[in-house]
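K.L.:
Could you have a look at this structure, given as structure tokens, before my questions?
Read-outs throughout are calculated quantities, based only on the coordinates presented, and are distinct from any laboratory measurement. Keep in mind the model is a prediction, meaning the values are calculated, not measured. Cβ atoms come from the backbone with ideal geometry, glycine included; neighbour counts cover every protein chain shown.
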Amino acid sequence: MKYLALITFLIFSIQISTAQKINWGIQAGLNRSFIDGGPLPTGVEGIPRYSFHVGIFKEFELKNKQWSIMPSLLYSVKGYRVSVVPPSAPPGVNSITGSQIYNYLELPVNLLYNFKIKPGKIFVGGGPYIGYLLAANGKRTVNAGGTDTYTETKFDIGDNGTFKRYDLGVNFVTGIQLKNGWLFNVAAYNGFTDILATTGNFPPITKNMALTLSAGYCF
């Protein structure tokens, strides 16, 4: 929470001292998320999971208009899928397929450099983000002897849970904003936090990674 307070303080300090124009907007789009779990053993395949994000943003144009700061508040669904077959599957098990789903409230804060073009502007930049995990759950199908067994699990979050509440990382973004208010961007998220709160899990390290495609409108 101290990181969130620091970022918020910096945002409002910039707004008061240097912002020439402030724009509000909404955005939504597609997430292609996966995890950095290190090398995987033979028979285990990590597969990206597709989901969505939606939220609002606020852009502070600095005095020279070439630079701006854009914090966003997003509801973002991340996670991954996995396939396990022999030799990594337990004895008597033909295959295991499953997924884990993480529902985050995220606050990325990006410093953007703006290139003016006739239809509007192209922007490129990046910055830190903090994520607050709202819920986490898993789904698994085990095939043994030709019979599928399906299970769902809701994970606990926090100090005594399976996953940590906070996720920290950086993101890089580029896109175009048109004069009529529409904008489109792509972003890459790289988590620094091992989001597992317990040991003895597989994979032993889990860091959120994601590629996103967004469309939005600036008022």
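K.L.:
Normalised by the empirical 2.2 N^0.38 Å for globular proteins, what value does the Cα Rg of the stretch 89-147 take?
P.N.:
2.12
K.L.:
Starting from the 7 Å offset along Cα-to-Cβ, what nm value, one decimal, do you get for the label separation of residue 211 and residue 140?
P.N.:
With each label point 7 Å from Cα toward Cβ, the separation is 2.9 nm.
K.L.:
For the chain, report the % of Cα-Cα distances exceeding 31 Å.
P.N.:
Summing the P(r) tail past 31 Å for the chain gives 30 percent.
K.L.:
Once you have the Kirkwood Rh of the stretch 31-146 from its Cα pairs, apply Stokes-Einstein at 4 °C and 1.567 mPa s and quote D in µm²/s.
P.N.:
75 µm²/s
K.L.:
Shifting gears a bit: List every residue whose amide H lies under 5 Å from the amide H of residue 162, counting only residues 5 or more places away in sequence or on a different chain, with H placed 1.01 Å from N in the peptide plane.
P.N.:
Amide H neighbours of residue 162, under 5 Å, 5+ apart: 156, 157.
K.L.:
Whats the longest run of the chain with zero trypsin sites (Lys or Arg not before Pro) that are DSSP loop and have at most 11 other Cβ atoms within 10 Å?
P.N.:
Value returned for the longest uninterrupted segment is 64-178.
K.L.:
Please give the helix 2-17 orientation as an angle from the longest Cα principal axis of the chain, in degrees from 0 to 90, rounded to the nearest 10.
P.N.:
Roughly 20 degrees between the two axes.
K.L.:
Now for a separate question. With r as the distance between the Cβ atoms of residue 30 and residue 148 and R0 = 25 Å, compute the FRET efficiency 1/(1 + (r/R0)^6) and round to 0.05.
P.N.:
0.30
K.L.:
Just list whichever of 21/179; 58/164; 78/179; 78/139; 65/207; 58/207 have alpha carbons separated by over 25 Å in the model shown.
P.N.:
58/164; 78/179; 65/207; 58/207
K.L.:
Compute the distance from the alpha-carbon center of the stretch 149-188 to that of the stretch 29-64, in whole Å.
P.N.:
Each part's Cα centre sits 6 Å from the other's.
K.L.:
Another one. Work out the charge dipole of the stretch 114-219 with +1 on the Cβ of Lys and Arg and -1 on the Cβ of Asp and Glu about the Cα centre, then indicate which of 117, 174, 150 is farthest towards its positive end.
P.N.:
It is 117, whose Cα lies furthest towards the positive end.
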